[in-house]
Every structure is written in structure tokens, then in C-alpha cells.
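Below is one structure, written out as C-alpha cells, with a few remarks after it.
Just so you know, all these numbers are worked out from the coordinates, no wet-lab data involved. Everything numeric in this text was worked out from a predicted model, so none of it was measured. Glycine gets a Cβ as well: all are built from the backbone with ideal geometry, and neighbour counts include every protein chain shown.
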Amino acid sequence: MCKSNVVTLVFVAILLVTSLFGCQQNAPSTAVPGQETAPPEQETTLPGENSIVIVIPEDPPSFNPIIADTGYDGLVMELVMLGISDIDAEGNVFPELAAELPTTENGGVVLDETAGTMSVTWKMRQDVQWADGKPVTANDVIFTYEAIINPETGGWIAGIDYIDGIEKVDDYSFTINYNAIYPGYLTQFGGEQVVIWPAHYCDAAQGFSAWECARKPLSNGPFVLSEWINGDHMTFVRNE
């Protein structure tokens, strides 16, 4: 799904909130016991000025569009999760968890034209936290990468076969070593489908393609999943 379509769906969702829920902010909750999927310490609230309610014609399989790519999963992912980079409506790549985009000019990209390889060093922002207050670090990036490449329970993203490995430089920087010159490096761990998952919250043993944290995400993005009533609606509140 292209970025412009995601933005359009978000605005459609907001319009639905206004028309369908705007006069019901003080109505009793319709939550069904056992169907709420909010992570620990994330309170369920009624729709208000700091929330978005999406009336869902079809439940997204999860918040991980790499697995099913239905479109709905990409939409809700954008509300709660961040990648290293992202793409705006005009197709421009911008840093998200990254402090800057690595290039040959700023020293972030080093090419070995003789060997036909490259290394890319990413520097991360140090002001982003998961919803439980823990910082988002290079450990989370490496955890996500290792989960994806697991031969039994992993997944696939573009260019993953060109990576020889990821080395942690410090808590907020890491280097990706490529066995080829890979021009798509800017959005490999970002863009419209790939996000970074929390190492301390997701259960690696469950596997990237099936882990529970993809349906009960721990947010590091603009909104937090507050309520999910299957077949009815999803409520998101602003991430403080």
C-alpha cells in the first residue's frame, strides 16, 4: 500500500469518528470481556479529542504487514509503530527512529567498489521510548533483524539476503554490513511495511511470523492501541 493511501485511510477513519462517535463520547463502553488486547499499563478510554476510533470492515491480521500485507495491517501499524525511516506522501524518505539518513557524504555509507560491498552506519534518536518507558535502542534493531532471518520462524524483507550481519556500535548506533551494493538500504528497516519491534516485550520463541506482540503492540509511535473489539472497531489514544 502506498503512503498516500495510508494517509487517506487515516483521514477516512477520523471522519468516521466524527460522524459515528462524536455524539457518543459519554456512552457506556461496548467492550466485550476477553476481547481487549491493550498491552500492560495502557488504559482503555472512551473516544475523545486525543483518540482515534477506526470502524473496521475487516479485522487486520496483526500490526505486522510483512506477514499478510492486507492493507489494514499497514494502516494500524503506521499509527503505533516506527521504523528506522519512512516515506512521505511525495515519496521522499525521511528519518524516523534514525537521527539522520546515512550517506556517503556524511560518512554513514562506506563503499568498497573493488569487493562490491558496502557498510551503512545508522545513528538513532535518543529521545524515543516504548510505551512502558524503556528507550528504543540498537538492541531492538538487532533483535528485529535476527527474528526476521530465523530460518524456521522468520519472514522476508527486500534485500535481506544482501546483509552479512548487523554490528552494534553503541546503544544508539549500529552498522549493517552488506555483501553487495544495495541501493535500497534507506528503507530496508523502515518505509511502508517494516518497523522495529521491542526486544524486551516480544517473545522471540514465538517467532516473527506469529508472535503475540504483533496483535498486542507496545507502541513507540504517535498512538497507543487502547481497545480492539473484533469485527467492530479499534480505539487508539495519543501516546504521551
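In a shell of Cβ-Cβ distance under 13 Å around residue 179, excluding residue 179 itself, what net charge do Lys and Arg (+1) and Asp and Glu (-1) give? Could the numbers behind the result be given before it?
Details: positive: none; negative: 112, 161, 164.
Overall, the nearby charge balance is -3.
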Checklist entry - Can you give the net charge of the other residues whose Cβ lies under 10 Å from the Cβ of residue 138, counting K and R as +1 and D and E as -1? => result -2
Item to check | Under the Debye formula (equal points on every Cα, no solvent term), log10 I(q)/I(0) of the range 151-194 at q = 0.20, 0.33, 0.34 Å⁻¹ | outcome: -0.76, -1.19, -1.20
Item to check | Approximate shape of the range 93-187 as ellipsoid semi-axes (Cα gyration tensor, √5λ), whole Å, largest first | outcome: 22, 18, 11
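How charged is the neighbourhood of residue 72? Take every other residue with its Cβ under 13 Å from the Cβ of residue 72, and add Lys/Arg as +1 and Asp/Glu as -1. Display every interim value, and only then the final one.
Working: positive: 215; negative: 58, 59, 69, 73, 78.
With Lys, Arg at +1 and Asp, Glu at -1, the net is -4.
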